[in-house]
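Below: the structure, in structure tokens.
The values are calculated or read from the model by the stated rules, or taken from the named source; none is laboratory data. Quick caveat, the model's predicted, so the values are computed rather than measured. As a convention, Cβ positions derive from the backbone with ideal geometry for all residues, glycine included, and neighbour counts pool all protein chains shown. The protein model used for the area step is the full one, side chains on, heavy atoms only, and it has no ligands, DNA or RNA in it. Shrake-Rupley method; radii C 1.70, N 1.55, O 1.52, S 1.80 Å.
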Amino acid sequence: VSDNFEVSLFGRYVATKSQYDNWPVEDPNLRENTEQFYGRALGELWLMDGRWKQSFGLGYVQVHRRDLDDPDTFNPFPAAFDSKRTGKRLKGDWQNDVQVSEIWKLTFGVEGEKEWYDSDIDGFAIKADATTLGAFLQSRLTLMDRVFLTLAARLDHHSEFGVYPTFSAGLAYLHRETDTKLKASIGTAFKAPTLDQLYGAIPAFGFSGNPNLDPEKSVGLDIGFEQKLFDGRLQFGSTFFRNWIRDLIDFNTTFSTLVNVDRVNTWGLESFVAVQPLPWLTARIDHTWTHAEDRATGQQLARRPRHKITAAIDLTPIEKLTLGFSVTWNDDRVDFLPSFATGINPGYTVARFTASYQVTEQFQIYGRIENAFDEKYDDPAGFAQPGLAAYVGTRVTF
């Protein structure tokens with residue numbers, strides 16, 4: 001709009017028709033129609049020679065799903081199944097980034113969000129809404145170009161659960177002589193139950209939400225390091241994390257509703273190694289080890305693999321062509337089986353190829369192959385994931 005004011009608009013509409021399996025048998029006429037709309041407007045204003053940036057945002061999301069199942073020999077229920085659910089969210093935010101001095105940056109702002117939930121499942125209708133208002137402040141200080149201190153605080157008011165303050169603090173030290181970074185952070189968080197978790201229902205399956213759910217609350221910390229060698233051509237690092245969670249939202253033992261798990265602990269280690277042996281070739285491997293347990297029972301939490309490893313290679317054999325290959329392995333994990341018993345969901349390995357070619361300065365062709373080796377796996381148990389799939393597209397810049 002002008003030298004110091006910019007407006008951005010984003011919109012997306014998605015309509016899908018899908019069929020999926022039912023329990024306990026496959027039902028050929030069970031299907032779902034979905035319409036989704038996402039929109040956001042953003043205005044950005046720079047003042048004080050660019051030292052003060054203001055961002056004004058307004059976003060809207062609407063998702064409508066309808067599940068249908070006509071009565072037949074495959075439908076385990078005597079009548080047709082007709083489920084209509086609509087969710088809407090309107091969000092506005094105002095953020096300020098102020099470069100107070102060369103070493104001090106201040107960020108502050110407010111945001112407000114309104115959510116609506118409307119469902120009609122076999123004549124069982126529910127309407128609900130919730131409002132969240134929040135304010136935040138963050139201070140980032142850089143000392144001697146090697147010490148980085150971040151302090152942040154936030155205050156949220158939820159129409160159903162009241163006021164929740166949260167904070168975070170982070171400290172990093174970069175020893176430039178050896179390219180060594182040491183880092184640590186600690187913070188608190190809360191997550192309110194969704195309207196579907198509070199009020200949703202599937203009468204045919206005997207499932208209903210729980211309006212007595214409490215928000216999830218947590219304290220988390222991490223400490224780690226990163227090291228660069230040979231002018232950055234070799235990098236490696238590791239971070240230990242630990243989280244203390246109260247009132248984690250999960251299914252009850254009969255899958256008839258949701259409950260709060262009193263106390264949950266998670267901890268683990270995230271590590272990586274990245275190498276660039278040639279200017280046109282880079283490789284990286286990441287490993288995450290996670291232990292997550294219910295303190296009351298000492299049992300491993302469901303759907304959380306102990307180990308996850310991703311290896312990736314990117315190369316540019318010629319100037320305009322970029323190729324990539326990655327493979328991800330997920331370990332076995334405890335899961336809820338389709339029989340409603342608790343068991344082990346086997347691990348799986350999926351591979352991915354990517355490619356892009358810059359035909360001209362303005363025109364690019366790109367593509368990817370997902371699940372390149374057509375791995376058959378469920379995640380979570382009972383939900384088969386897509387097999388081999390290929391995508392191709394173009395990008396034009398003008």
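Test V259 against the criterion of being of a type outside the set (S, T, N, Q) and over 28 Å from L171 (Cα atoms), and give yes or no.
Here the answer is yes, as V259 does meet what is asked.
I'm checking my understanding of the structure. Among residues of segment 204-233 that are of a type in the set (S, T, N, Q) and crowded, with 17+ Cβ neighbours inside 10 Å, which one is nearest to the chain's Cα centre (by Cα)?
S218
Could you list, ordered by first residue, the pairs with Cβ atoms under 7 Å in which the first is in segment 233-261 and closer than 17 Å to D286 by Cα and the second is hydrophobic (A, V, I, L, M, F, W, C) and open to solvent by less than 50 Å² (accessible area, probe 1.4 Å), at least 6 apart or interchain?
Listed pairs, sorted by first residue: Q235/A274; F236/F272; G237/F272.
Find the residue count for segment 158-172, including only residues that are over 24 Å from the mean Cα position of the chain (by Cα) and open to solvent by less than 60 Å² (accessible area, probe 1.4 Å).
The qualifying residues number 2.
Kindly indicate whether any position in segment 187-199 is more than 24 Å from L248 (Cβ to Cβ) and surrounded by 16 or more Cβ atoms within 10 Å (Cβ to Cβ).
Scanning segment 187-199, I find no residue that is more than 24 Å from L248 (Cβ to Cβ) and surrounded by 16 or more Cβ atoms within 10 Å (Cβ to Cβ), so the answer is no.
Please work out if S271 is open to solvent by 30 Å² or more (accessible area, probe 1.4 Å), polar (S, T, N, Q) and either at pLDDT 95 or above or out of contact with any helix residue (DSSP H, G or I) (no Cβ under 7 Å at 6 or more places or on another chain) (or both).
Judged against the criteria, S271 is a match.
From the list A130, A125, exactly one residue is out of contact with any Lys or Arg (no Cβ under 7 Å at 6 or more places or on another chain) and either modelled with pLDDT of 95 or more or aromatic (F, W, Y) (or both). Which is it? First the steps, then the outcome.
Values: A125 fails: either modelled with pLDDT of 95 or more or aromatic (F, W, Y) (or both).
Of the residues listed, the single one that is out of contact with any Lys or Arg (no Cβ under 7 Å at 6 or more places or on another chain) and either modelled with pLDDT of 95 or more or aromatic (F, W, Y) (or both) is A130.
Hand me the list of strands (runs of 3 or more DSSP E) wholly inside segment 52-157 holding 3 or more residues that are loosely packed, with under 14 Cβ neighbours inside 10 Å.
Those strands (runs of 3 or more DSSP E) span 124-143.
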